[in-house]
Amino acid sequence: MHTVWKGAISFGLVHVPVKMFTATEDKDIHFKNIHKTCGTPISHVKTCKHCEKEVEYEEIVKGFEYEKGKFVIFNEEELEAIKPDTNKTIQILDFVDLTDIDPIYFAKAYYLSPDMAGGGAYSLLLEAIKQSGKIGIAKISIRSKSSLAAIRAIENCICMETMHYPDEIRALQQVPNLPEAGQVNERELSMAKMLIEQLSAKFEPEKYTDDYRVALTDAIQQKIAGKGIDIVSSPAAERTNVIDLMAALQASLEAAKTPAPATTGRNKRKTAAKKETVS
């Protein structure tokens, strides 16, 4: 794993030297823009519309547009001077219950490992968090961005999840057409709760897969093998024209009793190929 940050966790007068590693990875399949005529990747250059020329990296500064077409300029030294003191410290401010944090606040997860001779302090904090059942709320700066962060234990590792500040969360009042509370049919509500109960299960993340990425990977491999397909359709859920809400709930309850096994796009193509061979 590549170290993305080095510093220390601070709580009270205790400092725990740590290294930070990204806990998740981007599995999306990325395409490049290609010149269709010759097959060469298209490069993207920074140009100045006013000077009508390409701009070198050394000529670029940061600018904030405070009015249309008017910018206040900052160089790297000025931005460095106003970075917060938490630049190299994860400063724990409070300990709270996880249930007190709405998931909307969470942004990105990182793993923290002990650095240098900080193994003892690291183990102490890890065990203390485990036994308290609490989540630490901290402040940290990563790549010039200040964030709140949640510090918690995952097995034998301290995990940090960056969080949005409250003023970064848009108010619900901005969302149009939200329903008023209490305007539901009691019989429909009872059936909806029954459906939730039937679909309830223990969270097992390994059973969930990105069907589109699987189908796209399969299509790429077929293209490489010279068996290209022009169109790839991600698996679509079977839909009905049920308009009546009660009928839809009843049908959903019946379907939940006998769930059909999931079929990936690749398996569907294999099944179709077998049918064509038989015919």
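The values are calculated or read from the model by the stated rules, or taken from the named source; none is laboratory data. None of these values were measured; they are calculated from a predicted model. Backbone-built Cβ (ideal geometry, glycine too); neighbour counts: all protein chains shown.
Numbers at a glance
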read-out	value
Given (1) touching a Pro at 6+ places or on another chain (Cβ under 9 Å); (2) touching a residue at least 60 places away in the same chain (Cβ under 8 Å); (3) of a type in the set (Asp, Glu), index of the condition ASP211 fails	(2)
Residue in the stretch 210-219 that is modelled with pLDDT under 60 and surrounded by 10 or more Cβ atoms within 10 Å (Cβ to Cβ) present	no
Condition check for LEU124: hydrophobic (A, V, I, L, M, F, W, C), surrounded by 15 or more Cβ atoms within 10 Å (Cβ to Cβ) and closer than 17 Å to SER10 by Cβ	no
Qualifying residue in the stretch 4-13 (condition: touching a helix residue (DSSP H, G or I) at 6+ places or on another chain (Cβ under 6 Å) and of a type in the set (Gly, Ala, Ser))	yes
Positions within the stretch 192-209 being closer than 14 Å to LYS27 by Cβ and either among the hydrophobic types (A, V, I, L, M, F, W, C) or surrounded by 10 or more Cβ atoms within 10 Å (Cβ to Cβ) (or both), in sequence order	THR209
Set VAL175, VAL184: member being surrounded by 10 or more Cβ atoms within 10 Å (Cβ to Cβ) and modelled with pLDDT under 90	VAL184
Conditions (1) of a type in the set (S, T, N, Q); (2) over 23 Å from ALA109 (Cβ atoms); (3) at pLDDT 90 or above: number failed by SER43	(3)
Matching residues in the stretch 135-153 - criterion: being in a strand (DSSP E or B) and without any contact (Cβ under 8 Å) to a residue 12 or more places away in the chain	LYS145
Count - residues of the stretch 103-120 that are more than 16 Å from ALA153 (Cβ to Cβ) and among the hydroxyl-bearing types (Ser, Thr, Tyr)	1
Criterion: at pLDDT 90 or above and more than 27 Å from SER141 (Cβ to Cβ) - qualifying residue of LYS49, LYS36, LYS53	LYS53
Residues that are among the aliphatic types (A, V, I, L, M) and either loosely packed, with under 11 Cβ neighbours inside 10 Å or part of a loop (DSSP other than H, G, I, E, B) (or both), drawn from the stretch 160-172	ILE169, ALA171, LEU172
